[in-house]
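First up is the structure itself, then whatever we jot down about it.
Values in this text are rule-based calculations from the coordinates and carry no lab data. Please read these numbers as outputs of a predicted model, since none were measured by experiment. All Cβ positions, even for glycine, are placed from backbone atoms using ideal geometry, and neighbour counts span all protein chains on display.
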Amino acid sequence: MRKSQSDPVAFWNRLASTYPRYSATAAYYEEKILAAAGELGLSLKDSVILDVGCGTGMFTLHLAKLAKKVIGIDISPKMLDYLRLDLEREHIKNVAAVLSDWLDFQTEEIFDLLFFSMSPALFSREGCEKALTFSGARVFATLPDGDFASRIAKALFQRYGIKPEPFDRPGLLYALLKERNLEAASTVVSGVWRVSLSREEILESAGCSLYNHGLEPDAEELEGFLSPFKGEDGRYVEETAYRIRLFLWRNP
C-alpha cells in the first residue's frame, strides 16, 4: 500500500472503463429518474440541453432522443470517448461532446435546460452559483441524499481506514436557492442498484475508489480482500442502496 496524490481527471479517466453506459434495454435507473422528473414538470421535447458532468452519456443519449440538441461536458477525455462510441453505435447526431471543467465552461449558446445527474459540478457553492447564471433556463439536478456507497465500497473504507467526509449536498443547494428566493420542485427517489462485474472490472473499480482517497493498494492484496464478494459464476455483484434528491427550478 502506498499513498498517492488523487487527481480528479485521472480518477474519472480510470473509472471510465467500469462506469455505467447508455443502454436502451437495461435502463431501469435512468427511466426511474426521468419518470420522477416528469412528475415534477420536466419536459425534454425539442429542448436545447446542457448535460453537465455527462460522463459516458448514460443519461445523455436518453435526453437526445427527445431533445432538439444536447451539449455534454465533462473533464474526463476517456469518459467522452465512451460517449462518442455510443453515439456512433446508436446513430445519434444531435449531441456534441465538449471537454471542459464546469467552472471554466463558456458558451454563447442559449439553453432551455441545464441537466445535472449526480454531478460533482454542484458539490461546491461556486458550481451551484454558476448554474444560476443561465438566465431563463430550467435546471434539473439530482444529488445524493445521504450515504451512497456500495456494500463493497463500505467494506473497503473500513478495511483501509477511510472515513468519507460527511457533506449535505442537497442542503447546500437548498440554502443557495433560498438565498435567491427561488422555489424548486423536489422529490426523492430511492432503490437498490445492482451491477455484475468481472474480476478485472471489480479490481479497477475498487482501485479507483481507494485512489480517490489517496491510496494505491497492492493488486494481489486487494483481490484477496474482495474474494468474499465473488459469486459462483466468478463475477462480483456491486449493490448500492441509493436515496437521491431531485430538484427542478427555473432561473430568473
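Decide, for segment 171-252, between rounded, prolate and oblate: order the square roots of the alpha carbon gyration tensor eigenvalues as a ≥ b ≥ c, take rounded if a/c falls under 1.5, and otherwise choose prolate if a/b is larger than b/c, else oblate. Note, shape of segment 171-252 comes out prolate.
Filter the trypsin sites (Lys or Arg not before Pro) in segment 92-156 to those in DSSP coil with at most 16 other Cβ atoms within 10 Å of their Cβ, and list the result.
Details: sites: Lys93, Arg125, Lys130, Arg138, Arg151, Lys154; in loops: Lys93.
Of the trypsin sites (Lys or Arg not before Pro), the ones in loops of segment 92-156 whose Cβ has at most 16 other Cβ atoms within 10 Å are Lys93.
The relative contact order of segment 108-182 comes to 36 percent, based on Cα pairs under 8 Å that sit 6 or more residues apart. Quick check: the distance between the Cα centres of segment 47-90 and segment 170-196, to the nearest angstrom? Distance between centres, Cα-based: 22 Å. With the charge dipole of segment 6-96 set up from +1 on Lys and Arg Cβ and -1 on Asp and Glu Cβ about the Cα centre, the Cα lying farthest toward the positive end among the listed residues Ala27, Gly72, Val95 is that of Val95. Think of segment 177-246 as a dipole: +1 on every Lys or Arg Cβ, -1 on every Asp or Glu Cβ, centred on the Cα centre; then among Pro228, Val192, Leu182, Leu182 lies furthest on the positive end.
Its residues counted as N, the chain yields a C-alpha radius of gyration over 2.2 N^0.38 Å of 1.03.
Each Lys and Arg Cβ is given +1 and each Asp and Glu Cβ -1; about its Cα centre, the chain then shows a dipole of about 480 debye. The relative contact order of segment 28-124 comes to 33 percent, based on Cα pairs under 8 Å that sit 6 or more residues apart. Spin-label model, Arg194/Val48: points 7 Å from Cα along the beta carbon direction are separated by 4.4 nm.
For the cross-link pairs Lys45/Lys93; Lys32/Lys163; Lys68/Lys130, the ones whose C-alpha atoms lie over 26 Å apart are Lys32/Lys163.
Jot down the per residue volume, in cubic angstrom and as a whole number, of the convex hull over the alpha-carbon atoms of segment 1-148.
On the way: hull volume 20.3 nm³, N = 148.
In segment 1-148, the Cα convex hull volume per residue is 137 Å³.
Relative to the 2.2 N^0.38 Å rule of thumb, segment 91-193 has a C-alpha radius of gyration ratio of 1.29.
Using the Cβ of Val48 as centre and a radius below 13 Å, the other residues enclosed give a net charge of -1, where K and R count +1 and D and E count -1.
What is the local net charge at Ala121, summed over the other residues whose Cβ is closer than 15 Å to its Cβ (Lys, Arg +1; Asp, Glu -1)?
On the way: positive: Arg125, Lys130, Arg169; negative: Asp51, Asp74, Asp101, Asp104, Glu126, Glu129.
That sum, taken over residues with Cβ under 15 Å, equals -3.
When only Cα pairs below 8 angstrom with a gap of at least 6 residues are kept, the chain shows a relative contact order of 25 percent.
Dipole size of segment 82-217 about its Cα centre, with +1 on Lys/Arg Cβ and -1 on Asp/Glu Cβ: approximately 500 debye, rounded to the nearest 20.
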